[in-house]
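A.B. asks: Quick one: structure below, then a few questions.
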Amino acid sequence: NLVGFQGIYRDITERTQAEQQLRESEARYRTIFAVSPDFIYLTDATGHILDANPALLARTGLTREQMQQRHVLDFFAGEHPGEVHKAMMDLLAGKPLDRFVVKARNPDGSVATYEINAMPLREGDTITQVVNLARDITQRIQDEEALRISEERYRNVSQSISDYAFSFAVVNGDLHLKWLTESFTPITGYSVKEVRESPTPLAIYTHPDDIPRIDKLIRTLPPEQQTTYEFRIRTKDGRERWIESRARAVHDTQGQLTRLYGAARDITQRKHQEEALQESRRLRDRMAETIPAIIYTYDLAQHAFVSVNRQVLTLLGYHRA
């Protein structure tokens, strides 16, 4: 018959909690591993694949068993092998891989660009495995290249035309310059940076006498309708020039002005020509009125007089009408 027992009790609360945390961590890892749209794979220290998540298996068309027969180098497209080898050596030296960009071949033979992050895993002091996360950035690279080409074309166009384009945001009633093309500088002498950094960008180059009119006009522009207006500017070296601006206003749902887009051009030469023409016409009219002879302009198509001088009225007795 059992008459008693003896034993030792040990507090294993911390160990049990650690084991529970480990199980939870592994569960979270497995969840991420299973549902992540990025490609996650585990390799040994030599680069042979031990496991791959469903996203990578779907991309390659391989089963997990087939994937375990592969080496990571089997998938690289062969560009810059030295960089790939150096990255693997860094991992074996215990250095994590951060956003390493490499090209790999798809099952259909096309080449995609991937961004890889990798972390070496240790058992004691020995690196035994590497966990890798690869993200397909092919579309992002293509978009960035398309944007770069677009911006390059934009710069070339903006530098080759005399017009300059602009955009203002309206915040609490104040105009804030959002962007301005480089062709603004040859016209005004001011750099884009000087105008952008100013709290009152219009005041830098707009003629002081025209600022109230232009400010009022801008704030009363009809929505989504192009409006053309003229104003004077003062260049950085003090010269006065005429600008023709074509602007379009954007309003919010409450009818408040929120944005202003437009383009402008230097029309100083045209203004000077118009002034010279008007002065020529005034001189011609004065001469016609003072010459003691009948001077008139007759429209053959309309069979009517267009203009007559004072002598016609004086000598013939007709009224101008």
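The values are calculated or read from the model by the stated rules, or taken from the named source; none is laboratory data. Computed from a prediction, not measured in an experiment: that's the story for all the values here. Heads up, the Cβs are rebuilt from the backbone with ideal geometry, glycines too, and the neighbour counts pull from every protein chain shown. Surface areas here come from the heavy atoms of the whole protein model, side chains and all, with no ligands, DNA or RNA. Shrake-Rupley method; radii C 1.70, N 1.55, O 1.52, S 1.80 Å.
A.B. asks: Out of I127, I214, I187, I204, I need the residue that is over 24 Å from the mean Cα position of the chain (by Cα), touching a residue at least 60 places away in the same chain (Cβ under 8 Å) and over 30 Å from A45 (Cβ atoms). Which one?
C.D. replies: Only one candidate passes the filter, namely I187.
A.B. asks: Could you tell me which numbered condition P222 fails, if it satisfies all but one of (1) touching a Phe, Trp or Tyr at 6+ places or on another chain (Cβ under 9 Å); (2) over 15 Å from D163 (Cα atoms)?
C.D. replies: Of everything listed in (1) touching a Phe, Trp or Tyr at 6+ places or on another chain (Cβ under 9 Å); (2) over 15 Å from D163 (Cα atoms), P222 misses just condition (1).
A.B. asks: Residues that are open to solvent by 80 Å² or more (accessible area, probe 1.4 Å) and closer than 26 Å to G109 by Cβ: list the helices (runs of 4 or more DSSP H) wholly contained in segment 1-85 that include at least 3 such residues.
C.D. replies: It comes to 64-67.
A.B. asks: Further question: Counting just the residues of segment 123-155 that are of a type in the set (K, R) and loosely packed, with under 11 Cβ neighbours inside 10 Å, which one comes out farthest from V72 (Cα to Cα)?
C.D. replies: The residue in question is R153.
A.B. asks: Just give me the residues in segment 92-111 being surrounded by 11 or more Cβ atoms within 10 Å (Cβ to Cβ) and closer than 29 Å to Q142 by Cα, in sequence order.
C.D. replies: Across segment 92-111, the qualifying residues are P96, L97, F100, V101, V102, K103, A104, R105, N106, V111.
A.B. asks: While we're on this one: Considering each of R148, R135, R246, R140 in turn, give the residue that is over 30 Å from V101 (Cα atoms) and of a type outside the set (A, V, I, L, M, F, W, C).
C.D. replies: R246
A.B. asks: Does L313 satisfy being at negative phi, out of contact with any Phe, Trp or Tyr (no Cβ under 9 Å at 6 or more places or on another chain) and among the aliphatic types (A, V, I, L, M)?
C.D. replies: In short, yes.
A.B. asks: Sticking with this structure for a sec: Taking segment 55-83 as the region of interest, how many residues are among the hydrophobic types (A, V, I, L, M, F, W, C) and touching a Leu at 6+ places or on another chain (Cβ under 7 Å)?
C.D. replies: Of the residues in segment 55-83, 1 are among the hydrophobic types (A, V, I, L, M, F, W, C) and touching a Leu at 6+ places or on another chain (Cβ under 7 Å).
A.B. asks: Right, V192: of a type in the set (A, V, I, L, M) and more than 28 Å from I243 (Cα to Cα) or not?
C.D. replies: It is false that V192 is of a type in the set (A, V, I, L, M) and more than 28 Å from I243 (Cα to Cα).
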